[in-house]
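Below you'll find the structure, written out as structure tokens, and then a few comments.
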Amino acid sequence: MAAIPERLVAVHSESRTYTGIWSWLATVDHKRIGIMYILAGLFFMAFGGAEALIIRLQLWAPNSHVVSAETFNQLFTMHGVTMIFLVAMPILIGFINAIVPLQIGARDVAFPRMNALSLWLFVLGGLFLYSSFLFGSMPDAGWFNNAPLSELAFSKGLGVDFYDIGLQISGFGTLMTGINFLVTILNMRAPGMRLLRMPLFTWSALITMLLILFAFPPITVNLILQMFDRLFGANFFVVGNGGSALLWQNLFWIFGHPEVYIVILPAFGIISEIIPVFAKKVLFGYESMAMALSVIAFLSFMVWTHHMFADGLGPVVNSLFAITSMLIAVPTGIKIFNWLATLWGGKIHFTSAMLYALSFIPLFVIGGVSGIMLAMAPADLQYNDSYFVVAHFHYVLFGGTLMGALAALYYWFPKMWGRMLNEKLGKWNFWLVFIGFNVTFFPMHISGLLGMPRRISTYAPGNGWTIWNQISTIGAFILLAGMLILLYNLIQTFLHPADAPADPWDGRALEWSLTSPAPEYNFAQTPLVRGRDAYWLEKREGDGKLQPAEPAGPIHMPSPSLAPLGIALTIVLAGYGAVLHSTIIGGLFLLLTFVQIGRALLAEDHGFHVTPHVGGEAQ
Amino acid sequence: MRWTQRGFRVTLPLLALSAAALLSGCGLGKQSTLSPAGPVASAQLGMFWESLAIMTGIFIVVAAVFLYSIIRFRARPGDNELPKQVHGNTTLEIVWTIIPIILLVFLAIPTVHYSFAFQAPATAMKVDVVGHQYWWEFDYPGSKVTTANIVHIPVNTKINFVLTSADVIHSFWVPELGGKTDLIPGRVNHLLLEASKTGTFYGQCAQLCGPGHAYMKFEVVVQTPAAYQAWVSAMQHPTVSVTTSEQKAGMALFKQDCSTCHTVGGTSFNGKVGPNLTELMTRPTIAAGTLTNTPANLAKWLHNPPGVKPGALMPNLNLSQTQIQSLVAFLETLK
Amino acid sequence: MSTQTHVAVHAAPATELQLPKDNRVLGLWVFLAGECAFFASLIGTYLGLHTATLHGPTGQQIFDLPLTTIATLILLSSSLTVVLGVQAMQRRDARGMQIWLWITALLGLFFLEFQGYEFYTFYNSGLTLHTSAFGSAFFTLTGFHGLHVLFGVFWILLLLFQSVKHGINEERTSKVFVMSLYWHFVDVVWVVLFTLVYLAGKVG
């Protein structure tokens, strides 16, 4: 792991200092928190990927018995939960953490300790979820955990309890991230950084956080209701006692559809950053890009029953939601066309980051157009819950989100770790992932049209499904090879000294004005922002340096603290109490949690001051 | 296979070729949405082709502009001059906002039309379907016929499948006849289907319902009205003729071990927990499409049901070989 | 921006302690937006399930409007007292602030007392979390509101404790102000619950 180099001349500190691993556990620095989000996301990706490979092996041949049906259900459930909640979101939130404060010229986020708490709730919540393995029963009712299958009467193991409580824990963390970054982006922009001067990645973060703010409470309520059903005998989803099976689906998808945009909007932002840099051209249609993000976010709350077209909600509901779902294609189309217009007439440099960003366009278009086909409610009755849907959302979530995240990794790696990833390995990595991805997921469109339902643990021969499944499985192993090259590239790069230049790509936003990696205090002097693409502007029209908005002087920094980790730890331990039906363990750790929260409410952190090096900033 | 060539030629020409070859070589299988056998499935396939054509058109336009851009506008070595910076173009942006809206109208019209058109009329013949972990119960209201995992319907007749569930959510899907609708406990859904040719069509549960999800299949037998009526009256007047001592022993054992759960028409056995076994031997498969209906497979099933179908609620009764033989002998008389 | 409008409402002469324009205030407003989504989900659940009373009692049978009205008035008056507390704080009147905050906390406790009594009588008339989906939804919705009140009472007590021990300063002022916003929110939620659950439930 890259250490942030010591660049502080004087430290006037009343607070405790931490060294080594403790300095990471107690950090409140958004850059370190971002790094840990991404590393933890990659860690969980190994699990989610391994689960996917076992699924593909099981489906290689008809009537196969690589794993049992029970295990198979756990595998695809955990694969989905992991990739959505423990990989896609954390990696994107990691980049938002690491980059957004730099892009708006801030020294930190609004609530640095709460930021650390968000991280630890995600990390420990994810480990909590996976610890269900040690209790003999992983969640197995699918990633959307439909009731009543997930109710006690039909899922007696502890797996669903781990799902309900684990996702509540990591969800609290996400919600706090939402609050934190909304306040950060609205309140902490450098002078001159008006909303319509913000880089598109920051715009996408702002809109994503709004989605989080309104989407996570409904899922939290849903999880609480089911926890009450399972632990305390409530009847929310117990149909025989007046509960409703559709209540779960409504609350889940009111969250679930915005969630899809929570993991795709930041990728839109990433693509909008990278394409102008490597096409050497200003982003085409900046205002309409920001507007499109907002419209997509707004519409995303009005389309949730398109996940429920087969629920028999009637022609009026289905027609209305079909039309709102189709409407999302309009702002999304605007984004695609604006990216194409940015490329048009540019001078395109094919770096690894750019290759990933470029591949996003056709892959996301395929996922998008199949999405419009799915929005046609009466036709969707044929696609719904078939492999056609599986193909669709992998084109969106892998072809979109993950390709975007990998683009961001190659692009911002020097800014986060002070090293450049190897470009040659990067291209091998890209082409294997790109080919492997298409070979894996394109055939699923066809197996779906041939009538293969999703989530079946095996299938009989004679339906024409076998060959398509075998192609998918081969593709999955090509993907594995691609990801192993990424792993090798990461390891090899970490073994190199940190020697990345401040601005290796001729970047446009403020983060490239800082050293790689950025100093602890980000900006020695808060910059004065004089226009869009603020750093590019100074390089092309100024003297290449940012104008300071304040005199040089000591910089106030928040103190590191172990309190966030402590709170997260006691919350998780209280979660074990709930899962194990132990009032004593649950009550004790809940009490300890509230004691710590009380202390946090009273805490008055005076922080410490650092005096930056002269020349601590990039030239 | 025109669509495969249209759809994929830009990104994956090789895959498209092999797709066409494989689809024509291996055929479409017996659960394909691409070989409709009724008006509902045909309308849905029509929507598929229409939307696929429009979407392929959009994809080709995007891909063409994309490929042209990245080839034509790649950076040449040594050329460090900055390209012309274009911030936007209002006319263009309005154009690519309007065009998608127009295309969407073409998709929205059939969407709304068929959402309403697929509602079952009051005159349609009703078949009640109850989903169970992991089998299907079919009741013909008014005719006192109940069967499991196989449903007979007359050809060219609108059928209103009235769907509900006894436990978790299942989904009723016969791709060749039309799209799926969920069976939701505490709720009654309606699904209009119609078959325009006789034959057997294959269905399968499409909503995760537990470990046995993959093993919850059924068959739809579409018959001429005369053949259908003959089947109904046979089901209404089942005859069970138990003659050999082995069959009698099997019947006695059935009464003791099986009759609390299973109904057999023509006998006094009327359990309601498991599938109705009336005229069992007329069904081509057992265990919700998991095994073909042969004496050997019946024995295999009786030996250990959860071993054949994961999560099956019928327990392993630990029957001896002799007991299994006699039960199979009895079951073979149900025709 | 919402902070500024809010500060403007409380605009005070320059000699008074200025209300903070810091991240905490905006943060709390954002948090309350999320809380709206939280309660909206719970209320939606209640409205979806409140007719599913099965063989258990219905709301019409057991809601005690006079009692709940008194509880409502108590909680609403605590919104007034917390405002008086914040005003005293702006006048740098630490003692006045403390007295009003004490009263606010006490009113909150009274409200909880009423709710506890109500839950107890409902339990005795046969309505529990297990009785019906209505029971589950009722206790969960009003219970979560009660937990919000309880959390608010502890929050007030903590801030009281701190101000008694260390006096008030800029940062603590901001904390009291943020707490008062939270307290108003919890009261407003109760008005919604009183209308949708009790009044509408009694009418039937």
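Can you go through A:Phe216, A:Phe172 and tell me which one is assigned to a helix (DSSP H, G or I), touching an Asp or Glu at 6+ places or on another chain (Cβ under 9 Å) and within 28 Å of A:Asp229 (Cβ to Cβ)?
On the way: A:Phe172 fails: touching an Asp or Glu at 6+ places or on another chain (Cβ under 9 Å).
The match here is A:Phe216.
Within the range B:260-292, the set of residues being surrounded by fewer than 19 Cβ atoms within 10 Å (Cβ to Cβ) and under 20 Å from the mean Cα position of the chain (by Cα) comprises B:Pro284, B:Thr285, B:Leu291, B:Thr292.
Has the range B:151-171 got any residue that is of a type in the set (A, V, I, L, M, F, W, C), open to solvent by 10 Å² or more (accessible area, probe 1.4 Å) and under 22 Å from B:Leu277 (Cβ atoms)? Break it down into steps so the answer makes sense when it comes.
So in the range B:151-171, the residues of a type in the set (A, V, I, L, M, F, W, C) come out as B:151, B:153, B:155, B:159, B:161-163, B:166, B:168-169.
Retained after the next criterion (residues that are open to solvent by 10 Å² or more (accessible area, probe 1.4 Å)): B:155, B:162, B:166.
Next, from what is left, pick out any that are under 22 Å from B:Leu277 (Cβ atoms): B:166.
Yes, some residue in the range B:151-171 is of a type in the set (A, V, I, L, M, F, W, C), open to solvent by 10 Å² or more (accessible area, probe 1.4 Å) and under 22 Å from B:Leu277 (Cβ atoms).
Without any contact (Cβ under 8 Å) to a residue 40 or more places away in the chain, touching a Cys at 6+ places or on another chain (Cβ under 7 Å), surrounded by fewer than 20 Cβ atoms within 10 Å (Cβ to Cβ) and more than 30 Å from A:Leu200 (Cα to Cα): does that describe A:Ile467? Reasoning before the result, please.
On the way: without any contact (Cβ under 8 Å) to a residue 40 or more places away in the chain: yes; touching a Cys at 6+ places or on another chain (Cβ under 7 Å): yes; surrounded by fewer than 20 Cβ atoms within 10 Å (Cβ to Cβ): yes; more than 30 Å from A:Leu200 (Cα to Cα): yes.
The answer is yes for A:Ile467.
Can you find a residue that is open to solvent by 20 Å² or more (accessible area, probe 1.4 Å), without any contact (Cβ under 8 Å) to a residue 12 or more places away in the chain and more than 24 Å from the chain's Cα centre (by Cα) anywhere in the range A:405-425?
Looking only at the range A:405-425, we keep the residues that are open to solvent by 20 Å² or more (accessible area, probe 1.4 Å), and these are A:419-420, A:422-425.
Keeping just the survivors that are without any contact (Cβ under 8 Å) to a residue 12 or more places away in the chain gives A:424.
Subset that is more than 24 Å from the chain's Cα centre (by Cα): A:424.
Within the range A:405-425, one or more residues are open to solvent by 20 Å² or more (accessible area, probe 1.4 Å), without any contact (Cβ under 8 Å) to a residue 12 or more places away in the chain and more than 24 Å from the chain's Cα centre (by Cα).
Can you tell me which residue among C:Gly85, C:Gly59, C:Gly44 is facing chain A (nearest Cβ under 10 Å) and either within 22 Å of the chain's Cα centre (by Cα) or open to solvent by less than 60 Å² (accessible area, probe 1.4 Å) (or both)?
Details: C:Gly85 fails: facing chain A (nearest Cβ under 10 Å); C:Gly59 fails: facing chain A (nearest Cβ under 10 Å).
Just a single option satisfies the conditions, and that option is C:Gly44.
Among the listed residues A:Phe144, A:Phe154, which satisfies the condition of being out of contact with any helix residue (DSSP H, G or I) (no Cβ under 9 Å at 6 or more places or on another chain), over 24 Å from A:Gly566 (Cα atoms) and within 14 Å of chain B (Cβ to nearest Cβ)? That would be A:Phe154, the only listed residue that is out of contact with any helix residue (DSSP H, G or I) (no Cβ under 9 Å at 6 or more places or on another chain), over 24 Å from A:Gly566 (Cα atoms) and within 14 Å of chain B (Cβ to nearest Cβ). The criterion of at least 1 residues that are buried (at least 20 other Cβ atoms within 10 Å of the Cβ), in contact with a helix residue (DSSP H, G or I) (Cβ under 8 Å, 6 or more places away or on another chain) and at the interface with chain A (Cβ under 10 Å from one of its Cβ atoms) is met by the following helices (runs of 4 or more DSSP H) wholly inside the range C:101-204: C:133-166, C:170-193. The set of residues from the range B:177-189 being more than 8 Å from chain A (Cβ to nearest Cβ) and open to solvent by 10 Å² or more (accessible area, probe 1.4 Å) comprises just one member, B:Val188.
From the list A:Leu196, A:Leu175, A:Leu186, the lone residue that is more than 9 Å from chain C (Cβ to nearest Cβ) and open to solvent by 10 Å² or more (accessible area, probe 1.4 Å) is A:Leu196. Contact map, the range B:62-80: first residue outside any helix (DSSP H, G or I), second residue open to solvent by less than 100 Å² (accessible area, probe 1.4 Å) and hydrophobic (A, V, I, L, M, F, W, C), Cβ cut-off under 8 Å, separation 6 or more or different chains; pairs are B:Phe73/A:Ala279; B:Phe73/A:Leu343; B:Phe73/A:Ile348; B:Arg74/A:Ile348; B:Arg74/A:Phe350; B:Ala75/A:Ile348.
Just the residues that are touching a strand residue (DSSP E or B) at 6+ places or on another chain (Cβ under 8 Å) and open to solvent by less than 10 Å² (accessible area, probe 1.4 Å), please, taken from the range A:361-381. Give the steps one after another, and end with the answer.
Going through the range A:361-381, the residues touching a strand residue (DSSP E or B) at 6+ places or on another chain (Cβ under 8 Å) turn out to be A:378-381.
Passing the criteria: A:Pro378, A:Ala379, A:Asp380.
For the range C:36-90, the set of residues classified as under 22 Å from A:Phe228 (Cβ atoms) and of a type in the set (S, T, N, Q) consists of C:Ser41, C:Thr45, C:Thr51, C:Thr53, C:Thr58, listed by residue number.
Filter the range A:530-580 down to the residues that are among the polar types (S, T, N, Q) and not in a loop (DSSP other than H, G, I, E, B), then identify the one that is surrounded by the most Cβ atoms within 10 Å (Cβ to Cβ). Break it down stepwise before answering.
Going residue by residue through the range A:530-580, those that are among the polar types (S, T, N, Q) are A:547, A:559, A:561, A:570.
Okay, now just the ones that are also not in a loop (DSSP other than H, G, I, E, B), so A:547, A:570.
On the way: A:Gln547: 15, A:Thr570: 20.
Ranking the candidates gives A:Thr570 first.
Strands (runs of 3 or more DSSP E) fully within the range B:117-235 that include at least 1 residues being farther than 24 Å from A:Asn73 by Cβ and charged (D, E, K, R): B:125-132, B:135-140, B:217-223. Entry remark, the range B:134-162: residues being at pLDDT below 95 and out of contact with any helix residue (DSSP H, G or I) (no Cβ under 9 Å at 6 or more places or on another chain) number 2 in total. Among the residues here, C:Leu76 qualifies as open to solvent by 70 Å² or more (accessible area, probe 1.4 Å), modelled with pLDDT of 95 or more and touching a helix residue (DSSP H, G or I) at 6+ places or on another chain (Cβ under 7 Å). Among the residues of the range A:16-46, those that are among the hydrophobic types (A, V, I, L, M, F, W, C) and touching a Gly at 6+ places or on another chain (Cβ under 9 Å) comprise A:Ile33, A:Ile35, A:Met36, A:Ile38, A:Leu39, A:Ala40, A:Phe43, A:Phe44.
Selection of first residues in the range A:348-360 that are open to solvent by 10 Å² or more (accessible area, probe 1.4 Å) and of second residues that are outside any helix (DSSP H, G or I), restricted to Cβ pairs under 6 Å at least 6 apart or on distinct chains, gives the following pairs, ordered by first then second residue: A:His349/B:Ala75.
Restricting A:Ser472, A:Ser457, A:Ser513 to those that are in contact with a strand residue (DSSP E or B) (Cβ under 8 Å, 6 or more places away or on another chain), surrounded by 19 or more Cβ atoms within 10 Å (Cβ to Cβ) and among the polar types (S, T, N, Q) reduces the list to A:Ser513. Give the number of residues within the range B:146-165 that are facing chain A (nearest Cβ under 10 Å) and more than 27 Å from A:Gly448 (Cβ to Cβ). So the count comes out to 0.
Of the residues making up the range A:426-441, just one is touching a helix residue (DSSP H, G or I) at 6+ places or on another chain (Cβ under 6 Å) and facing chain B (nearest Cβ under 9 Å), namely A:Val439. Taken together, the criteria place A:Leu588 among residues that are at pLDDT 90 or above, open to solvent by 40 Å² or more (accessible area, probe 1.4 Å) and assigned to a helix (DSSP H, G or I).
Every test in (1) outside any loop (DSSP other than H, G, I, E, B); (2) modelled with pLDDT under 95 is passed by B:Leu334 save one, and that test is (1).
The values are calculated or read from the model by the stated rules, or taken from the named source; none is laboratory data. It should be emphasised that the depicted structure is a prediction, and the values quoted were computed from it without experimental measurement. We place every Cβ from the backbone using ideal geometry, glycine too, and count neighbours over all the protein chains shown. We work out accessible area using only protein heavy atoms, side chains counted, and drop any ligands, DNA or RNA first. Shrake-Rupley method; radii C 1.70, N 1.55, O 1.52, S 1.80 Å.
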